[in-house]
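The values are calculated or read from the model by the stated rules, or taken from the named source; none is laboratory data. Computed from a predicted model, the values in this text were never measured in an experiment. Note that we place each Cβ from the backbone using ideal geometry, even for glycine, and neighbour counts take in every protein chain shown.
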Amino acid sequence: MIHSMTAFATRQGRHADHAWAWELRGVNGKGLDLRLRVPDWIEGLEAGLRTRLTSALGRGNVTVSLRVQGAAEGATVGLDSAAFDAVLAAMAEVEARAMAQGLTLAPANAADVLALRGVLETAPPDPDTAALGQAILADFEPVLESFVAMRADEGAALGSVLAGHLDEIARLTEAAADLLATRQEDIARQHRAALARVSEAAPETDPARIAQELAMLAVKLDVTEEIDRLRAHVAAARTLLAEGGPIGRKLDFLAQEFNREANTLCSKAQHTGLTEIGLALKTAIDQMREQVQNVE
């Protein structure tokens, strides 16, 4: 089974006089990028969440938001002296630079300073948050399971879409193979006509030399290897889909190889029908590659 990197999950929980709400969001990413927005006053919470997330997820940009509310009774509000001094120093520097340029700034009052983030600290009534942290981490398991389940559901749908794109690529590849015989006859006829024109325009030209050059040109225009590689890539991609797991990077590499062969096929085509097939191949490959970006 393959997993998508796109998912969403929410949950609410409660322990004693605290209540909380979870929100998990996931989108595609090159690696596993975790962004945690959780209260920093609950000891060990962020480390515990990261451990659980890294064991369950392989890739994706994942944002975890946790809002915790509790009883305000007994909570203490204090001044963070270091943050307060830093704010005052920054304000003094700003005012000095403004005055140097002839600007006058409106004076700030105490309320303005205290409203700045980090100046005031609100401490929970009970400094021991171990029990609360354990309850929150235990409540995280169901929301993570729901998140992973949605990634699996999205991945199943994604797998069906990718299988359809591979079927179309395989069909176009075989259509190109079926056209090769007709194309070779057309190219041979064009080469014979070219040889006749050259011989008529320059009778002294060695016919054997011209024939040799035309033969070399025919070899350069041969697309048999490109078609064989396209078939091999289709087989490899189908094997990956059947195996499942974190295969996004491998599928993305295959999509690049698909595109390279389709580009070569178009450049060598020299035939209207084969060119049309090559362009259709590029379209199907681009559509597949867009979906591959969401695979874990």
When residues of region 12-60 are limited to those that are of a type in the set (Lys, Arg) and surrounded by 17 or more Cβ atoms within 10 Å (Cβ to Cβ), the one nearest to residue 150 (Cα to Cα):
25
Identify, from the list 290, 261, the residue that is buried (at least 18 other Cβ atoms within 10 Å of the Cβ) and either part of a helix (DSSP H, G or I) or not assigned by TED's automatic domain parsing to the domain that holds residue 160 (or both).
261
The residue that is modelled with the lowest pLDDT, considering only those in region 231-246 that are of a type in the set (D, E, K, R) and under 27 Å from residue 32 (Cβ atoms), is 243
